[in-house]
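Read-outs throughout are calculated quantities, based only on the coordinates presented, and are distinct from any laboratory measurement. Keep in mind that this is a model prediction, so the values were computed, not measured. In this analysis, Cβ positions are derived from the backbone assuming ideal geometry, glycine residues included, and neighbour counts consider all displayed protein chains.
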Amino acid sequence: MTQERAWAGRFGASTAAALDNINKSISFDIALWREDLAGSRAHARMLAATGLLTADDLAAILQGLATVEQEFESGTFAVLPVDEDIHMAVERRLTDLVGEPGKRLHTARSRNDQVATDTRLYVKRASSALVAQLTRLIVMLAERSEAEAETLLPAYTHLQRGMPSTLGHHLLAYAEMLARDVVRIEAAAASADVSPLGSGACAGTSLPIDREMTARALGFSAISANSMDAVSDRDFVADFLYAGAMLMLHLSRWGEEWVLWSTAEFGFLELDDRVTTGSSMMPNKKNPDGAELLRGKAGRTVGNLAGFLTTLKGLPFAYNKDLQEDKEPLFDTHRTLTVSLEVAAVMLDAATFRRDRMAAACTGQIDATDLCERLVRAGEPLRTAHHQTGRLVRMALERGCELRDLPLDAAREHCPRIAPEILAGLSMVGLVNARDVVGGPAPRRVREASRLLLQRWQPRLNEPT
Ligand code: ARG
């Protein structure tokens, strides 16, 4: 068995354990085994096509890689101390299995273009899986919005009740955020969709290679235009980390709202036992841990982005080992997004909305803006109507009543144009129905917006990932 590292030739002594500890990446980049095997297969076929490998060598390599694949799949692949990273581990094992042909696989290739290739393939694969998860969640939100199109709920600003709105409208806001996340993740996947293979270590190779062939075989849409850039470009990792951090920020806002909504104080929501946990000391407790962790896990993804951007800053061309620091944030953000989207879907499913509590919260003069607009319709200038309505709000607060309960005579003192039907018509349902504007909370608009979302996203449910 190979006990030497691939680059041992020009070295006398072995590396210090301390260096090994900081340098070896196999413990985490083993996650790239699928991509590494795909890249090696494509590369080997290309080498055979251009005459750099014989048909027999290619057959031996492909057969050896199939065994390696089977070992990874069954969890029996044995990592040895010489295996610095996934690339060396695969090549070392292949050579153990098939001998000399294995030693030809790395012809016209460097780990620098290899790792860039693997990482790009990983980002593409991770992105399409995340888009599939997001699509399911958007569809769930749109369906739920349709069902809650008429459910009254206060719309808040500054976490103070602002205007009566609908729960369907609120849920659609979550769906819109997530739809933008799909765009960002797809943009990251598009920036990863360029093949660096054939760039070599930094400045290409003199051997006859066919870069288009490997790019096609690996499903890349284009090949990189500059070998220096190709081995040092990690923009696509930063793009993915940014898209991921943004998505987690969105989930954290949703999570925070549902933490609040499930408190006794709000009481808008009950989360069932699937997404809640108990306390080891307080037998009464039912805690919204799922929602809290959506909020909490956003932090690490922001950290992954900030940390990796800092790694990239000031790096000279071309490849530097600093770039190996792309993997852990990338894998961590990917894992965090996957589990968070899973939990968000269960949480949505696990939610029972307390419609009575939501409707009951539509009090406290939150119809003031609508009243003001009714006065505008009656011919009052907006600024005057706003001031007059403010007076009526004060009056209602002093009397401890709602605007619609103000005696007409008293209201007229501040508000000469107020007609009996203006006050009497202040029903929450009526007011929400009247806010019949594109993007607004009127049930008709909510149903329309839900249907549009479903039309756009439902067909994507069947896309292959
Ligand atoms: N493990 C390395 C990484 O992830 C692979 C490339 C190393 N290249 C080198 N010449 N040392 O970046």
Cut-off under 27 Å on the C-alpha distance; same-chain residues fewer than 8 positions from residue 297 excluded. Which lysines are left, in chain and number order? 124, 285, 286, 313, 327
Name the trypsin sites (Lys or Arg not before Pro) in the range 305-357 that are in a loop by DSSP and that have at most 14 other C-beta atoms within 10 Å, would you? 313
Whole-Å semi-axes of the range 177-265's equivalent ellipsoid, largest first, each the root of 5 times a Cα gyration tensor eigenvalue? 42, 12, 8
Surrounding net charge for residue 381, when Lys and Arg each add one and Asp and Glu each subtract one, Cβ distance under 13 Å: +1
Could you put 280, 145 in order, starting from the residue whose Cβ has the fewest other Cβ atoms within 10 Å? 280, 145
Along each of the three principal axes of the Cα atoms of the range 9-64, give the extent in whole Å, ordering the values from largest to smallest. 42, 30, 17
Counted charge near residue 45, where neighbours are those whose Cβ lies closer than 12 Å (Asp, Glu -1; Lys, Arg +1): 0
Charges at C-beta only: +1 for Lys and Arg, -1 for Asp and Glu. How large is the resulting dipole of the range 375-425 about its Cα centre, in Debye rounded to 20? 180
Taking Cα atoms, how many degrees apart are the long axis of helix 443-457 and the longest axis of the chain, rounded to 10 and kept between 0 and 90? 10
Once you treat every alpha carbon in the range 110-210 as an equal point and sum by Debye, what is log10 I(q)/I(0) at q = 0.12 Å⁻¹? -0.59
Helix-only mean residue ellipticity at 222 nm, the chain, DSSP H runs n ≥ 4 weighted -39,500 (n - 2.57), per residue, nearest 500. What is it? -19500 deg cm²/dmol
What FRET efficiency would be calculated for the residue pair residue 279, residue 253, taking the C-beta separation as r and a Förster radius of 25 Å, to the nearest 0.05? 0.45
Derived scalar couplings ³J(HN,Hα) [the range 153-167; Karplus, 6.51 cos²θ - 1.76 cosθ + 1.60; whole Hz; x for Gly, Pro]: 7, x, 8, 9, 10, 6, 6, 10, 4, x, 8, x, 9, 10, 4
Just the projected area, averaged over all directions, of the convex hull on the alpha carbon atoms of the range 65-164: how many nm²? 12.2
Ranked packing of 186-195, 231-240, 153-162, most packed first, by mean Cβ within 10 Å: 231-240, 186-195, 153-162
Calculated from backbone phi, Karplus (6.51, -1.76, 1.60) coupling profile of the range 351-364 in Hz, x at Gly/Pro: 8, 10, 7, 8, 4, 4, 5, 5, 5, 5, 7, 7, 9, x
For the range 355-391 and the range 284-343, what is the centre-to-centre distance using only Cα atoms, to the nearest Å? 44
Non-local residues with an amide H under 5 Å from the amide H of residue 162, with H modelled 1.01 Å from N and Pro and chain starts lacking one, are 155, 156, 157
For a distance above 20 Å, tell me the whole-number percent of Cα pairs in the range 1-107 that qualify. 40
Any chance you could give the angle, 0 to 90 degrees and rounded to 10, that helix 368-377 forms with the longest Cα principal axis of the chain? 70
Counting other C-beta atoms within 10 Å, and keeping those with at most 14, which DSSP coil GluC sites (Glu not before Pro) do you find in the range 1-91? 4
Quick check on the chain: what does the Kirkwood estimate of hydrodynamic radius come out to from the alpha carbon pairs, in Å? 26.3
Calculate, in nm to one decimal, what residue 465 and residue 322 gain on full extension: separation in residues at 0.36 nm each, minus their alpha carbon distance. 48.4 nm
Selection of GluC sites (Glu not before Pro), the range 241-273, meeting DSSP coil and at most 13 other Cβ within 10 Å: 265
What list of ³J(HN,Hα) values in whole Hz, one per residue of the range 305-321 in order, does the Karplus curve 6.51 cos²θ - 1.76 cosθ + 1.60 (θ = phi - 60°) give from phi, with Gly and Pro shown as x? 5, 4, x, 6, 4, 5, 4, 6, 4, x, 6, x, 6, 9, 5, 9, 4
Mean shadow area of the range 341-465, taken as a quarter of the surface of its Cα convex hull (nm²): 10.7
In degrees from 0 to 90, rounded to the nearest 10, what is the angle of the helix 235-261 Cα long axis to the longest principal axis of the chain? 30
Given the range 130-289, report the % of alpha carbon pairs whose separation exceeds 18 Å. 71
